[in-house]
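Taking it in order: structure first as structure tokens, then the write-up.
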Amino acid sequence: PSIHPSIPPSLTVDYPTDPLHHNSHGVRGGMGERGHLMCFCPVDALTHEREDLFVQKLRQCCVLFDFVSDPLSDLKYKEVKRAGLNEMVEYITHNRDVVTEAIYPEGVNMFSVNLFRTLPPSSNPTGAEFDPEEDEPTLEAAWPHLQLVYEFFLRFLESTDFQPNIAKKYIDQKFVMSLLELFDSEDPRERDFLKTILHRIYGKFLGLRAYIRRQINNIFYRFIYETEHHNGIAELLEILGSIINGFALPLKEEHKMFLIRVLLPLHKVKSLSVYHPQLAYCVVQFLEKDSSLTEPVIVGLLKFWPKTHSPKEVMFLNELEEILDVIEPSEFVKVMEPLFRQLAKCVSSPHFQVAERALYYWNNEYIMSLISDNAAKILPIMFPALYKNSKSHWNKTIHGLIYNALKLFMEMNQKLFDDCTQQYKAEKQKEKFKIKEREEIWLKIEDLARKNPRVLNRPPASPNHSVSPPSLGETTALG
């Protein structure tokens, strides 16, 4: 609704010429010329002048302030800008026909001036690399202004008046590249806005879609193979989850390569826990689109399976269950043997959370139906690990879960279960026989050594001298 209050007199202020005084971020300089920061009347006060007033207001909000080195400076004028931004957010939200052709360059420019900046290096008081799991993020000091700039631009993109054909002259590849660079911001509030804005741009600008996917790929490649540090991986994966969901069938080769060359290697990065839920969602989305990708995905997961990091192993088990929930029976048959060999190792893990998570698979009805249909292959793989750990695992909870799994196997196929039991016991007897045989051989060797005259006649070794190894002739004599 339009309001028409009387126009208050303009408040005119000469802002300082020192660049740091109008730098919202304390990172880059602002305008170096003299100008005016004015309190305009509300932009919807006069209908016939509102476009001109809107443009002036947008230009007014390009003045930047210092929130870092001198946060108490220019408080009155920081409030003037905050009020102006807030007014424009309300105006563009509640009015129609306000995004005219003249507003596009001004709106994009205001967004660019306020937000496109060099991000500060990650700050960590201990001097070590920033750890997103442990360290507190550095929040953006200029957020009172930046939040409203993001709010305005998001409402601008979502406005019913917004026309991508006009906006594409200003929202181009260079703009997208600058936007993507901001995803490395430590401030999670900023990354959340960026995620929504990039998703809107992807939806509205068809000509930029391939470019956006390509640049996100490049960020992932640098993250995986060079830096292993980027603050926005979770948000970028969340965007990709929506993009993958909209892929047309059959999937393009480019998209399949993205799964194999980017999403799977992302599992090996040490900070996986920060973005794993979003990554697992993307992988499952691909498998729901094309089940033929199941085998390379599971083989890839087994390739990157953690050897010594138990919390990461639990994450892999979580993701694997999500994959098995959507797997086709025909695809399951292709991967079940290597898959259950890995599960047998997990059940035998001394880390009880790994063993517990693997044994929870036996509570999943769909997985149990797959196991039941292929018990002849799966039970011989799993039985030794289950039987051994039912007695030897240190954790009592694991004992109960293993007994449950063995009981389910027994109910599936009693004869097969009995055969596996007999085979396991026979293997154990063979092992005992081999151990006994080995001990007897060593006893014979010791007996021969005692009877060897060279050994008997050798003087005792001095306490200060080590015994030298036997000569070649002595070794031959032993034989």
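Every read-out reported here was derived from the displayed coordinates using simple, explicitly stated rules and does not represent laboratory data. Predicted model, so just to flag it, every value in this text is computed and none were measured. Reconstructed Cβ throughout: ideal geometry from the backbone, glycine too, with neighbour counts over all protein chains shown.
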Simple spin-label estimate for Leu75 and Gln429 in nanometres, 7 Å along Cα-Cβ: 9.0 nm
Contour minus Cα-Cα distance for Met412 and Lys396 (0.36 nm per residue): 3.3 nm
Values of log10 I(q)/I(0), in the order q = 0.10 Å⁻¹, for region 261-351 under a Debye, Cα-only, solvent-free model: -0.23
Within region 394-416: backbone nitrogen closer than 18 Å to the Ala376 label point (7 Å, Cα to C-beta): 409-416
Proximal aspartates and glutamates to Lys252, defined as alpha-carbon separation beneath 19 angstrom and excluding residues fewer than eight positions away on the same chain: Glu288, Asp290, Glu295
Listed pairs Lys307/Lys388; Lys377/Lys436; Lys312/Lys434 exceeding 27 Å between Cα atoms: Lys377/Lys436; Lys312/Lys434
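Starting from the Cα-Cα distance between Phe352 and Tyr403, subtract it from 0.36 nm times their residue separation and give me the gain in nm to one decimal.
Values: separation 51, 0.36 × 51 = 18.36 nm, distance 1.53 nm.
Gain on extension, Phe352 to Tyr403, equals 16.8 nm.
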Reach of Lys195 by Cα under 18 Å, taken over lysines that are not fewer than 8 positions away in the same chain: Lys174, Lys204
Residue-count net charge about Ala102 - beta-carbon cut-off 12 Å; Lys, Arg +1, Asp, Glu -1: -2
Length released on extending from Trp442 to Asp161, taking residue separation times 0.36 nm less the Cα-Cα span: 92.2 nm
Cα-projected label distance for Arg214 with Lys307, points at 7 Å along beta-carbon direction, nm: 3.9 nm
Label-reachable residues, region 314-330, where backbone N falls under 13 Å from a point 7 Å from Ser369's Cα toward its Cβ: 325-330
Hits among lysines - C-alpha to C-alpha of Lys76 under 30 Å, sequence gap 8 or more where chains match: Lys57
³J(HN,Hα), Karplus 6.51/-1.76/1.60, whole Hz, each residue of region 261-271, x for Gly, Pro: 8, 10, 5, 5, x, 4, 6, 8, 6, 5, 8
Two-decimal Rg/Rh across region 287-448, once Rg and the Kirkwood Rh are taken from alpha-carbon atoms: 1.06
